[in-house]
Each structure stands twice: as C-alpha cells, then as structure tokens.
Amino acid sequence: MPWLRIPSQLGRFTDGARRLQVRGATVRDAIDSLGPESLLRAHLLTESGVLRQHLHLFLGEEDIRDRLDLALGPEDELYVLNAMSGGSTLAVSTRAGQTTDLSALQRPRRSLRR
Amino acid sequence: MTSRLLVGTEKGLFAFESADRADWRLVSPDPEHKGWQAYSLYAQPGGDVFVGLSNNFYAPHLQRSSDGGRSWRAIEHSPRFPEGSDRELKQVWSVRAAGDRLLSGVAHAALFESADGGESWEWNQGLEGHHTRPDWQPGLGGLCLHTIVPDWNNPDRLFVGISAVGVFRSDDGGRSWNLKNKGIRNLFRQEGQPEFIGAEDTCCVHKFVQDPADPDTLYQQNHSGVFRSTDAGDSWHPIEDGLPSKFGFPIVMLPGKPKTLFTVPQEESFSRTFPEGRFGVYRTRDGGLSWERTHSGLDEPNWGGVLRNSMVVDAGDPPAIYVGTSIGDIYTSLDEGDSWRRLPGRFPRIESLAAVIE
C-alpha cells in the first residue's frame, strides 16, 4: 500500500507518526482514506477538496497539487511539505550583472524516488 | 488555590501560574501549540478549557484541556463546513456554554452547536438562513462571529455578535434570529442620512456583555462607539462621555458590580493604537454615564492596542482584570483598575486570554 509522509507539525495529530499507510487507486483516494471527517484530512484539503494553499504535495519528484486524481501505485510515497514563504521564481540580478534563477532553490534537495 | 492565566497569541499559547494573583510565574518559555494563532480561549465553568487554533497552513480547529491548560487534545470533529461547501473556515473565534449545549462562532461567520460536550458540531442553519446573509461584509479582522452571550435569565434567548454585521438575538434557542442594530452610530453617514442606523442596517460590533443583574441590559463596544441597551438589544444608546475615542475592541464587566465596566479605546480605525501613545483602561462605575482613565502601572508611551478577546475578568474575590496588548504586554489589576501590575515577559500579539482558578 502507498505511504503518506507528513511534516513534523502534523505529527501531533497522529500520535507522532510521520509516515502513514494509506489506501486508494488515486492520490485523492489515498488522502480520503485518512477518514472523511478526520482532522488530518482537513489539514491537507480545504472544504472545496483542493490542497491547502500553502502546502505542496509531491509524488516522486513531481509537485502534484492540482492533480489529485493521478493514479497511485502500491509502492508510491506521497510527501506533504509546507510551502517556503517568500522568494520568487523570477531571476534576480547579482552585483556582477549575472542573473540567478531562484526557482531551483524551491525544490526539495533530496531526490524523491517513485 | 492556584490561578492560571492562559495567553493566546499569534504564535501559540502561554500559561502563567500564581498562588495569590499578585505574583505570576511563566510556566514555560516555550508556548503550547507553537506556530498556531489562538484567537479564542474559553474556560467553561466547572469544565474544560477550549482554545481555537488557526494558521496559514492547516485547518482551523478546537482543542480542549481537562487540566487547566496543562495538556491538550485536538477535537477531531471540530466545527467545519461540509465537503463541497463554498464556505471556508478561517478561524475559530468563540466558544461558550449555553445550557447543556456548547456554541462556537467562526469566520467566515457561522454558528456551530454541540450537544455532546464539544466532540462534534453542527452548523446552525437558522443564522445561516437569515435574509440579510447575502449582504454580510467582513471587517478588517474578517467576517467573524466573535461574541456569544447566552441570556442567563432565559434559556431560549441568545445573542451573537458578527463583524461587520452586528448583534443578533434569538428568542427560540437559535432556530431563528433578528438583527438588533437600531441606534448604533452610522459610520458611513452621508449628507441627509440619519446619525443612527436602523435595526437591520449592518454595523461592526466589536464586543458586548450582558448585565448579570438585569438581563435586558447590554453594553457594546462598536466600531462607531460605546452603547448601552436596556431592552435586550431592541435599541442602543451612546454612552461615551469621558472616553478619548469612540473606537476600541474589548469591553468587560465586573461580576457582582453590573455598572462597573472597562473598555480600552484606540485612537481610531486607521492607526489602531492607544490615543497619543497613552495606554488607558477606561472604567465606568455608573453604567457608562461617565468614564475615567485608569493607568497607574501601565507603561507609557505604548503604541499598541488591545484586541477584542484580550481582556477578561476572573471569578475570584476580589475579581482580577487581565489585559493583553497587541505588542505582547500583559497587565493585571486586583483593585478594579486603581493600579496595574505587569506580568513578566513580552509575547507575540496577544489575541485571547482565559483565567482559571483551581
């Protein structure tokens, strides 16, 4: 069965568990398997059923926040991350006149393998 | 006897303890619920303490404590709009016992009820279906149901306050509601318009309390002034002589002294700071006919303010008044405001207080 990894701030709602086994054929099914009325599910999805604004959801290396209907395999791991506030995907000028693309800094450092 | 003061802030919940309510000790420098805003605190008489938590990342919800705030348990089935709703829960602003029910007010303005001690909640459709609902607009703090006052004399009568809509009264236990804003000052008065609004004109109530000696008397701090009603909200009349400003947020009354109230004026809506940087907790001993500034022990200059849920009175004898500012100071008075003592420490913006005497 697939797994869901959650940030440390949500561990207080799962008796400290940071990696939860979930069920379902799609990403949405997996989140729903937490329980339709569960507080943990509410922490991830708004009343409209979309991922909360300042969260990211990764499947492998892909940010899939708008694709909750993606199929999920039994070995897949979903990662919930808090958005890092601030920053920009725009390039900024350095003193030397070169530009730096900050968008790369927004991806998690470690590789997330499917 | 141990007294505890729970302090809800922008970044979590702090707790103080005292044996005499004169000297206070911060229980821990680290807050409970670190990173969560604590907009509401409610110590149910003889029961649990509830805190309403929210933040930018996760779902607003309630937690409860059965040991005076020493440990907490998240309420799994907290107030929540149903799946598929076009409404979004932003914060939990109020919790209050009403007979054998618990009531909770949230943003975006709605009232929830619990018949099982707070473990599950139902959305009150009577208020939701009020015919003025499509016209409700938020104040700067959001569209929030921040004040719940169950009538101590009539179990079927309830009052709620919504910013920026006004005071509602129900006479049938919450099944139906009427807007009670007649006599509040017209904040957006245009030439030729009356100075005071009608019952169903909307306004921004900030806080109100009911007289424990006369159930038909209420006192309200509104965006546009301080008012009193002697007919259960059917009409309101200004009581502002002696106040430096009409604008402010909290209002509290001393138990056992129904004509003694306190409010904390701010300069005006734009700046929202103490008038001229002079922190004053204003007191009336005659039901609002006159007000005087109490400030002995309050630091100056002070360019903060006090939010609507950040002034409370405990059930002790004598009663202690606690006030927390938007810049993180906490003060207490055991002599009805004649003198104030500052509690140790400086905290994030203080959004709520609750006093527990064990």
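The values are calculated or read from the model by the stated rules, or taken from the named source; none is laboratory data. None of these values were measured; they are calculated from a predicted model. Virtual Cβ from ideal backbone geometry, glycine too; neighbours counted across all protein chains shown.
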Subject >> Index of the failed condition, residue B:197 passing every other in (1) in contact (Cβ under 8 Å) with a residue 24 or more places away in the chain; (2) buried (at least 20 other Cβ atoms within 10 Å of the Cβ) >> reply: (1)
Subject >> Extreme residue, surrounded by the fewest Cβ atoms within 10 Å (Cβ to Cβ), among residues of the range B:234-253 that are more than 15 Å from the chain's Cα centre (by Cα) and of a type in the set (A, V, I, L, M) >> reply: B:239
Original post:
Taking strands (runs of 3 or more DSSP E) that fall entirely within the range A:12-114, which contain at least 1 residues that are at pLDDT 55 or above, within 28 Å of residue B:36 (Cα to Cα) and more than 11 Å from chain B (Cβ to nearest Cβ)?
Top reply: A:19-21, A:55-59, A:77-82
**OP:** Have a look at B:6, B:13 and point out the one that is within 14 Å of chain A (Cβ to nearest Cβ), assigned to a strand (DSSP E or B) and modelled with pLDDT of 95 or more.
**Re:** B:13
Original post:
Does residue B:358 satisfy the condition of being closer than 22 Å to residue B:43 by Cβ and at pLDDT 95 or above?
Top reply: no
Original post:
Just checking, how many residues over the range B:217-243 are in contact with an Asp or Glu (Cβ under 8 Å, 6 or more places away or on another chain) and either in a strand (DSSP E or B) or closer than 15 Å to residue B:288 by Cβ (or both)?
Top reply: 8
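Among the candidates B:259, B:246, single out the residue that is charged (D, E, K, R), farther than 20 Å from residue B:340 by Cβ and touching a residue at least 60 places away in the same chain (Cβ under 8 Å).
Going through B:259, B:246 in turn, the sole match is B:246.
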**OP:** Output the number of residues of the range B:93-124 satisfying the condition of being under 22 Å from residue B:154 (Cα atoms) and not small (Gly, Ala, Ser).
**Re:** 11
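Looking at this structure, is residue B:125 more than 24 Å from residue B:220 (Cα to Cα) and either surrounded by fewer than 19 Cβ atoms within 10 Å (Cβ to Cβ) or more than 14 Å from every other protein chain (Cβ to nearest Cβ) (or both)?
yes
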Subject >> Test for residue B:109: is it aliphatic (A, V, I, L, M) and surrounded by 13 or more Cβ atoms within 10 Å (Cβ to Cβ) >> reply: yes
**OP:** Answer yes or no as to whether residue B:136 is among the aromatic types (Phe, Trp, Tyr), closer than 22 Å to residue B:204 by Cβ and out of contact with any Phe, Trp or Tyr (no Cβ under 6 Å at 6 or more places or on another chain).
**Re:** yes
**OP:** Restricting attention to the range B:39-75, report how many residues are within 11 Å of chain A (Cβ to nearest Cβ), in contact (Cβ under 8 Å) with a residue 40 or more places away in the chain and in a strand (DSSP E or B).
**Re:** 1
Subject >> Residue list for the range B:84-121, restricted to those being within 13 Å of another protein chain (Cβ to nearest Cβ) and under 21 Å from residue B:134 (Cα atoms) >> reply: B:84, B:85, B:86, B:87, B:88, B:89, B:90, B:106, B:108, B:110
Original post:
Which one is farthest from the other protein chains (Cβ to nearest Cβ) among residues in the range A:1-11 that are assigned to a strand (DSSP E or B) and surrounded by fewer than 19 Cβ atoms within 10 Å (Cβ to Cβ)?
Top reply: A:3
Subject >> Subset tally (residues that are among the small types (Gly, Ala, Ser) and either modelled with pLDDT of 95 or more or touching a His at 6+ places or on another chain (Cβ under 9 Å) (or both)) for the range B:171-198 >> reply: 4
Original post:
So is residue B:162 over 22 Å from residue B:270 (Cβ atoms), crowded, with 22+ Cβ neighbours inside 10 Å and touching a strand residue (DSSP E or B) at 6+ places or on another chain (Cβ under 7 Å) or not?
Top reply: yes
